[in-house]
Amino acid sequence: MMKTTVRPKYDVSKFTNWKDEGVYPFLPTIEQTSNNYITITDKGKMLMFGSCDYLGLSQNEYVKERSIEAIREFGTNTLGAQIFCGYTKIHNALEKKLASMFNKSSSILFPSGMAANLGVLSVIATSEDVIINDRLNHISIFMGSHLSGAQLRSFPHNDLRKLESILKQSMDKRKRIIVVDGLFSADGDYAPLDKICELSKIYNTMIVVDEAHSFGVVGPNGLGVAEHFDVLDQIDVIVGTMSKAIGSVGGFAITKEEIAEEIRHYAPSYTSSRGSVPAVAAASLASLEFIEQHGKKLRERLWNNTEYLINTLREEGFNILDTCSPIVPVIIGDEDKTVKVANWLMENGLFVATMIPPAVPVNQGRLRIGVTSSHTIEECRRAVKLLKEVRNIYEF
Ligand code: PMP
C-alpha cells in the first residue's frame, strides 16, 4: 500500500539566492498594524491583502478591551497546562460557547489549530484503522495522521472516485476515517462535504473536518463548510482555529463527549502543552460574542468584497483556480518568479502572502490574496491595478 509522506524535501539553496538578491519574502518585521495597512521595517506602509483576518476582528475595539481586562484579572499567563491549573472561567465559558454554537456536547481548546489536528488525529485512530486524506489537506493533518500509527491513504484533491475506491479497499479496517479541510487554504475551494457524507453512509466511516479558514466565514451562521452543506450533524469531529476569522489564537475540536474524554486524557498536544493565556481566550470569547451580534453584517461585506475581487481578476484573465472564497490564489508557477512578483508588490505598496513549496506543490507558486470585511471596494481596485502592473513586468 502507498504511504503518504508528510511533504517532499525542498532545495534550500534557492532561499539563499533569494536572500542574496534581497527578495527573500519571509519574516518581514512588522512595525505597526492598523486597519488594512501594515508597516514593515525598511519597506514602509502598505495595503494589507495577505492576512486571514477575514472579519477584521484582530483590530476590533470590543475584543481588545476584553483581552486587556483578562490580563488585569489573571495576569499574563496561566499557572500550568489546562488539565492542571491553566483552565480559567474564561476558558470554560469559551468551550461552552463553542459547543453551543455547533450544538454538540463537547469542545476542547488547544494551544493552536496545529496542536488540535495533532491531538485529535493522534488519538482517534490506531494501527487497526485507516486515515484517508485529501492531498491538499493542511500539513498539521498529515502530521497528526502519522502520529496515530494508522494506515495512511490519500486521494487527489476533491477526487471522490478515488476516495470511493480507497474506501472499497479498506473494508477490512476497524475504522475508516476521512479527513478534509472544509475550505482549502491554498486553493480557496470547498470540500464537497455533501457527497463525502453520502460515501460515509455507504462505507461506514468517521469524518473529521478542519474548518480553520471557514469558521466565521462560510455557512448561514458562519459555522463553516459543513453548515454550508447542511451536514453538521454527520461530522464526527470539527477542528478549528481562532487564528483566522476570530482574530485571536488557539485551536479547538468539537465532538461528542466520549471522543472528547479520550482526547483530554491522551492527546499530548493538549495534556502536555500550555493552553491559551487568559488574554487570548478572552479575545476569542469576545470575538465569538461579537460575531453572534454582528456576524451577518460582517460576512455580507466580506462576501461582497470577495465577489468583486474574484469576478474582476477572472475578467482580467488571472488564473485564480476554482476559488469560491476570500482565499484568492493568483497562480504564477515558477517559484523564483513568485517571490520576485511578491517583492515588487511589497515595494509598490501591496502585501500579499507568498506561497511556494513546501506549502504548495513544486511549480505551483502563487500569491494568496486574503480578502476581509474591512477592505473597501476602492482598496480592492488598487490591489487589482497593482497586480495588472506586475503581470505586465513579469509576464505570468
Ligand atoms: N488547519 C489549516 C487548514 C490551516 O490553514 C492552519 C493554519 N495555516 C492550521 C490548521 C493551523 O492553525 P494555527 O495557526 O492555529 O496553528
Within segment 152-165, which residues are crowded, with 20+ Cβ neighbours inside 10 Å and either over 26 Å from residue 241 (Cβ atoms) or charged (D, E, K, R) (or both)? 153
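Has segment 114-122 got at least one residue that is open to solvent by 20 Å² or more (accessible area, probe 1.4 Å) and in contact with a strand residue (DSSP E or B) (Cβ under 6 Å, 6 or more places away or on another chain)? Reasoning before the result, please.
Our first condition is that a residue be open to solvent by 20 Å² or more (accessible area, probe 1.4 Å); within segment 114-122, this holds for 114, 118, 122.
From the residues that got through so far, the ones that are in contact with a strand residue (DSSP E or B) (Cβ under 6 Å, 6 or more places away or on another chain) too are none.
No; the residues of segment 114-122 include none that is open to solvent by 20 Å² or more (accessible area, probe 1.4 Å) and in contact with a strand residue (DSSP E or B) (Cβ under 6 Å, 6 or more places away or on another chain).
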Within segment 354-393, restricting to residues that are surrounded by 18 or more Cβ atoms within 10 Å (Cβ to Cβ) and of a type in the set (Ser, Thr, Tyr), the one that is farthest from residue 53 (Cα to Cα) is 354
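Please find, within segment 214-229, the residue that is farthest from residue 292 (Cα to Cα) out of those that are assigned to a loop (DSSP other than H, G, I, E, B) and free of Cβ contacts under 8 Å to residues at least 24 places away in the same chain.
Filtering segment 214-229 for residues assigned to a loop (DSSP other than H, G, I, E, B) gives 214-224, 229.
Restricting the remaining residues to those that are free of Cβ contacts under 8 Å to residues at least 24 places away in the same chain gives 219-220.
Working: 219: 13, 220: 12 Å.
Among those that are assigned to a loop (DSSP other than H, G, I, E, B) and free of Cβ contacts under 8 Å to residues at least 24 places away in the same chain, it is 219.
State yes or no: is residue 128 farther than 20 Å from residue 240 by Cβ and without any contact (Cβ under 8 Å) to a residue 40 or more places away in the chain? Let's see the steps before the verdict.
On the way: farther than 20 Å from residue 240 by Cβ: yes; without any contact (Cβ under 8 Å) to a residue 40 or more places away in the chain: no.
When the stated conditions are applied, residue 128 does not pass them.
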Looking for something open to solvent by 10 Å² or more (accessible area, probe 1.4 Å), within 12 Å of the ligand (Cβ to nearest atom), outside any helix (DSSP H, G or I) and on the phi < 0 side of the Ramachandran plot - is there at least one such residue anywhere in segment 248-271? yes
Subset of segment 232-247 that is away from the ligand (no atom under 16 Å from the Cβ) and farther than 22 Å from residue 299 by Cα - its residue that is most open to solvent (accessible area, probe 1.4 Å): 233
Every residue in segment 211-231 that is of a type in the set (A, V, I, L, M, F, W, C) and surrounded by 20 or more Cβ atoms within 10 Å (Cβ to Cβ), please. 212, 215, 217, 218, 223, 225, 226, 229
Could you tell me whether segment 125-136 includes any residue that is within 16 Å of the ligand (Cβ to nearest atom), open to solvent by 40 Å² or more (accessible area, probe 1.4 Å) and in the same structural domain as residue 249 (by the TED database)? yes
Conditions (1) within 16 Å of the ligand (Cβ to nearest atom); (2) part of a helix (DSSP H, G or I); number of the one not met by residue 180: (2)
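Can you report the number of residues in segment 183-197 which are assigned to a loop (DSSP other than H, G, I, E, B) and within 16 Å of the ligand (Cβ to nearest atom)?
Just the residues of segment 183-197 that are assigned to a loop (DSSP other than H, G, I, E, B), to begin with: 184-189, 191-192.
After this cut, where a residue has to be within 16 Å of the ligand (Cβ to nearest atom) as well, the list is 184-189, 191.
The total comes to 7.
The values are calculated or read from the model by the stated rules, or taken from the named source; none is laboratory data. Since the model is a prediction, treat every value here as computed from it, not as a measurement. Quick reminder, even Gly has a Cβ in these numbers, built from the backbone with ideal geometry, and neighbours come from all protein chains shown. The protein model used for the area step is the full one, side chains on, heavy atoms only, and it has no ligands, DNA or RNA in it. Shrake-Rupley method; radii C 1.70, N 1.55, O 1.52, S 1.80 Å.
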